[in-house]
Every structure is written in structure tokens, then in C-alpha cells.
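So the structure is just underneath, and the comments pick up after that.
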Amino acid sequence: MPIYLDHHKVPQMTPQQTQQVVADIKAGKVTNGIKPLNGFIGANDAWCLIEAPNPQSVHDLHKAAYGLDLGRGDVVEVSKLV
């Protein structure tokens, strides 16, 4: 399954939502063929590492979960080096 890295502004999330994202990553939870692998947060930006069938599913996930519309260049397929 392809792996994607996406970039977006940090969404407004409650502490409970943040805890759920962390729990889903740790559990390896797969929803609709999408598996979150890791997340990274900066001062104003976030990056998500996601295993998904295609880029559109990454866009759809962010729209449904956070109301975010990712731009065309915000989702890229990546490969592991190690």
C-alpha cells in the first residue's frame, strides 16, 4: 500500500481529539483502508504520514475528520529509506 506525507495548517482540535489521533496511530487503526503511521506538529503546521490506497483518500480523510481542504501539492507519495 502506498505511503503519503501531507502538509497542512494545524487544525483546531480538542485535547480529546488529539488523544484519539495518538491512540489511533499507536493502535495501527485502519479505517476505510487508511492507516495513520505518524504525525508531526510544528508551531503552525502539521504533517501526517499515512498509508492509503490513493491520494484522494488522504484528502477525503482530512475533509471528513477536520474540515480541511488540502491543496493539490499538499499530499505526496513517499518511500521509506530504512
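Taking the conditions (1) without any contact (Cβ under 8 Å) to a residue 12 or more places away in the chain; (2) among the charged types (D, E, K, R); (3) in contact with a Gly (Cβ under 7 Å, 6 or more places away or on another chain) in turn, Asp69 satisfies each one other than (3). Every condition in (1) touching a Gly at 6+ places or on another chain (Cβ under 7 Å); (2) surrounded by 17 or more Cβ atoms within 10 Å (Cβ to Cβ) is met by Val75 except one, and the failing one is (1).
Among the residues making up the range 38-64, those that are loosely packed, with under 15 Cβ neighbours inside 10 Å and of a type in the set (A, V, I, L, M) are Ile41, Ala43, Ala64. Please note which strands (runs of 3 or more DSSP E) are completely contained in the range 1-57 and include at least 2 residues that are of a type in the set (Asp, Glu) and without any contact (Cβ under 8 Å) to a residue 60 or more places away in the chain. So the answer is 45-51. Only residues that are within 13 Å of the chain's Cα centre (by Cα) and at pLDDT 90 or above were counted in the range 63-77, giving 7.
The values are calculated or read from the model by the stated rules, or taken from the named source; none is laboratory data. Quick caveat, the model's predicted, so the values are computed rather than measured. When we count neighbours, we look across all protein chains shown, and the Cβ atoms used for this are built from the backbone with ideal geometry, even at glycine.
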